[in-house]
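Here is the structure we will look at, set down as structure tokens.
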Amino acid sequence: MELDCIIIGGGPAGLTAATYLRRLHRRVMVFDDGRSRARWIPESHNCPGFPLGVSGNELLHRLREQAATYGATVNPKRVSSIHRESGTWRIEADGETWDSPTVLLATGVVDRLPTLASGDPEEALRNGLLRSCALCDGYEATDQRIAVVGPLAKAAANARYMTTFSADITVVPIDEPAQDANAAFDTAGLVVLAALQSLSCKEGAWEVIDTQGRSHRFDLVYAAMGAPARGELARLAGAKVDEDGAVITNEHMETSQTGLFAVGDVVTDLNQIAVAFGHAAIAASAIHRTLPPAPR
Ligand SMILES: Cc1cc2nc3c(=O)[nH]c(=O)nc-3n(C[C@H](O)[C@H](O)[C@H](O)COP(=O)(O)OP(=O)(O)OC[C@H]3O[C@@H](n4cnc5c(N)ncnc54)[C@H](O)[C@@H]3O)c2cc1C
């Protein structure tokens, strides 16, 4: 099958790009191994067009259905390699190779979650007790007792941001806070516990035990552990990535490699569905212009 574009990643970014490209009569194949972080969203309330909220799985289902309406195929395979051969991109997935003049990377990020002494972090994400993005759901956390868990610098920065939503914010460092007055982060005005000893989620509530043996209760935990970009394929393709592994693109979402585009969370730390949609529209238009015209 001859392709105009291979899309790697079937989350909100990749699926939206597939719909746009199919509606431009371009031949696309989406590869997706089913790890969209959107699957954990219990209910998003800032996704445009859903005034009463939408679960991540429902949104993914609708996006897949919309792409399928215009004939986009989602191939449930993991892409393991990419390289360019005689001006064409070649990818490998489960031992098969596929060629295309353009490739769109929409591979997302890897969420680092805290280890729980009791309970499962993925289940806690799915039921909204563990969260990872204040811009996504801080509003729904208004006036709750909130712990922000992570390396001190990250957790402190996140906790400061969270003060928009609640006056009851506690930083729970996973490392022992440095005694050093020259530490490069600012904890002034924040409640900072001794380092985390254990974190448990039982019957809808959180308990933190710190290294001084003290117990603390919270309604919600925000993870501030970082979420590195899944940028391996970009690196394999020779595209530039920044110090956090995020893929660097120009204003058309094209990477430093001609014909290789990137969209969504893998590009930006403004990890939002609306941003993924916008990136996808920009990239699909640019990919269409890059390809030879295909008049009917
Ligand atoms: C708990 C939680 C709640 C959130 N709530 C909100 C919210 O309310 N509002 C909001 O705007 N955002 C929210 N987000 C963020 C939102 O989920 C992301 O911004 C969005 O999913 C990014 O879309 P994406 O397509 O870039 O990446 P993803 O959705 O992560 O999709 C990437 C896809 O690429 C696939 N993939 C990766 N590598 C390969 C490979 N080599 N081969 C094949 N497939 C591959 C993965 O399997 C995955 O399906 C939330 C995130 C989390 C974790």
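Structural remarks
- When the residues of the range 105-141 are filtered to those that are among the β-branched types (V, I, T) and open to solvent by 60 Å² or more (accessible area, probe 1.4 Å), the one that is farthest from the chain's Cα centre (by Cα) is T115.
- Those helices (runs of 4 or more DSSP H) of the range 50-140 in which at least 3 residues are within 25 Å of Y20 (Cβ to Cβ), considering only elements entirely within it, cover 56-69.
- The range 39-48 - residue that is of a type outside the set (V, I, T) and near the ligand (Cβ under 6 Å from one of its atoms) and, of those, nearest to the chain's Cα centre (by Cα): W40
- Each residue in the range 1-30 was checked for being surrounded by 24 or more Cβ atoms within 10 Å (Cβ to Cβ) and not in a helix (DSSP H, G or I), and 9 of them qualify.
- Residue match in the range 117-127 (condition: within 13 Å of the ligand (Cβ to nearest atom) and within 21 Å of A280 (Cβ to Cβ)): no
- V221 being open to solvent by 40 Å² or more (accessible area, probe 1.4 Å) and touching a helix residue (DSSP H, G or I) at 6+ places or on another chain (Cβ under 9 Å): no
- Residues of the range 18-38 satisfying the condition of being over 21 Å from the mean Cα position of the chain (by Cα) and under 16 Å from I91 (Cβ atoms): R27, V28, M29
- Residues being surrounded by 18 or more Cβ atoms within 10 Å (Cβ to Cβ) and either of a type in the set (D, E, K, R) or under 17 Å from R230 (Cβ atoms) (or both) - total across the range 61-76: 1
- Hey, A286 open to solvent by less than 30 Å² (accessible area, probe 1.4 Å) and farther than 21 Å from R27 by Cβ or not: no
- Taken across the range 39-46, residues that are surrounded by 24 or more Cβ atoms within 10 Å (Cβ to Cβ) and hydroxyl-bearing (S, T, Y) do not occur at all.
- Residue in the range 47-60 that is nearest to R296 (Cα to Cα), counting only those that are open to solvent by 20 Å² or more (accessible area, probe 1.4 Å) and touching a residue at least 12 places away in the same chain (Cβ under 8 Å): P48
- The criterion of being aliphatic (A, V, I, L, M), open to solvent by 30 Å² or more (accessible area, probe 1.4 Å) and under 16 Å from the mean Cα position of the chain (by Cα) does not hold for L196.
- Criterion: within 16 Å of L113 (Cα to Cα) and at pLDDT 95 or above - qualifying residue of V221, V241: V221
- Residue list for the range 31-49, restricted to those being part of a loop (DSSP other than H, G, I, E, B) and in contact with a helix residue (DSSP H, G or I) (Cβ under 9 Å, 6 or more places away or on another chain): D32, S36, I41, P42, E43, H45, N46, C47, P48
- E85 meets each of the listed conditions (1) of a type outside the set (V, I, T); (2) at pLDDT 95 or above; (3) open to solvent by 50 Å² or more (accessible area, probe 1.4 Å) apart from (2).
The values are calculated or read from the model by the stated rules, or taken from the named source; none is laboratory data. Owing to the predicted nature of the structure, the values given are computational and were not obtained by experimental measurement. As a convention, Cβ positions derive from the backbone with ideal geometry for all residues, glycine included, and neighbour counts pool all protein chains shown. Side chains included, ligands, DNA and RNA excluded: accessible areas come from the protein's heavy atoms. Shrake-Rupley method; radii C 1.70, N 1.55, O 1.52, S 1.80 Å.
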